[in-house]
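Values in this text are rule-based calculations from the coordinates and carry no lab data. Model, not experiment: these values are computed from the prediction. Glycine gets a Cβ as well: all are built from the backbone with ideal geometry, and neighbour counts include every protein chain shown.
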Amino acid sequence: MKPLPRVLIVEDETAIAELIAVNLRHNGFQPIWAMDSESARREMDAALPDVILLDWMLPGESGLALARQWRQEARTRDIPILMLTARGDEADRVAGLDAGADDYIIKPFSVREMLARIRAVLRRRAPQPEGGPVAVGPLALDTATHRVSCNGQPLRLGPTEFRLLHHLMRHPERVHSRSQLLDKVWGDHVFIEERTVDVHIKRLREALGPAAAMVETVRGAGYRLTAQPLAL
């Protein structure tokens, strides 16, 4: 029998955590509750969940800091994180996405919407990149070794930035809209905002360093990777 998907709820308000847990159980999930960052880390050390519901405002260390840490660790960086918070301004949403959240649920929230978003991130599997090395200008990427270099110097990219760069490198000079990138890089993106693409483009440029200018913004259309020589 297939095990139930494990959902780690990191939430310090007992009433909200219990409401979430009850609805998860009734809908085929296995909830685990942690009320602060310390207990969340213990749960993560004991067994990795399939998805994390992470409150922003926690006692002690914030959910934002936890998200950043989990995204930096190889063991936890690919686990979907849904930020659960009352902070709904655009700047806050961008900060949550920039910290590594895959989605953003604003309090008060609909239980049905929450369940749909959880199912969406569990369904979402980015299309597997075609194997083999690819090179554009000074950039080289190899899916077999998961390595990227610029003029022979290794670059460090997160998993999403790696997939994003790989797609752009396979289609150099082509303009890709945000919705096209969501389709090709993120897969099923029903509940993902197009702003997510902008956040990861920003991260990609930061990771590319001197080759950052190769990723061009085409106003009103999207993004492209140009193979034009750069003064590197």
Checklist outcome for this item: Relative to the chain, whose Cα atoms define the longest principal axis, helix 159-170 and its Cα axis are tilted in degrees, nearest 10, by 30 degrees
Checklist entry - Going through region 1-97, which trypsin sites (Lys or Arg not before Pro) have at most 15 other Cβ atoms within 10 Å and a DSSP loop state? => result ARG75, ARG77
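Do you know the relative contact order of the chain, to the nearest whole percent, from alpha carbon pairs under 8 angstrom that are 6+ apart? It would help to have the intermediate numbers written out before the result.
On the way: 363 pairs, mean separation 31.5, N = 232.
Relative contact order for the chain comes out at 14 percent.
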Checklist outcome for this item: By the Kirkwood definition, with r running over pairs of different Cα atoms, region 65-111 has a hydrodynamic radius in Å of 11.0 Å
Item to check | Full-extension gain in nm, THR14 to THR217, via 0.36 nm per residue minus C-alpha separation | outcome: 68.6 nm
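Using 1/(1 + (r/R0)^6) with R0 = 45 angstrom and r between the beta carbons of ALA227 and ALA65, what's the FRET efficiency to the nearest 0.05?
On the way: r = 39 Å, r/R0 = 0.86.
Computed FRET efficiency for ALA227 and ALA65: 0.70.
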Checklist outcome for this item: Matching label for the computed log10 I(q)/I(0) by the Debye sum over Cα atoms at q = 0.11, 0.16 Å⁻¹, out of (i) -0.59, -1.11; (ii) -0.61, -1.37; (iii) -0.72, -1.17, is (i)
Checklist outcome for this item: Going from the fewest other Cβ atoms within 10 Å to the most, one would list VAL175, VAL7 as VAL175, VAL7
Checklist entry - So how tilted is helix 14-26 from the main axis of the chain? Cα-based, degrees 0 to 90, rounded to 10. => result 80 degrees
Checklist entry - If you count, for each residue, the other Cβ atoms within 10 Å and average over each peptide, how do 143-155, 197-209 line up from highest to lowest? => result 197-209, 143-155
Checklist outcome for this item: Proxy exposure order for ILE105, ILE20 (fewest C-beta within 10 Å first) is ILE105, ILE20
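Quick check for me: using +1 on Lys/Arg Cβ and -1 on Asp/Glu Cβ, what's the dipole size of the chain about its Cα centre, in debye to the nearest 20? Walk me through the numbers on the way to the answer.
Details: 31 positive and 31 negative charges, 163 e Å.
I would put it at about 780 debye.
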Item to check | Cα→Cβ-extended label distance, 7 Å offset, between GLU194 and ASP142, nm | outcome: 3.8 nm
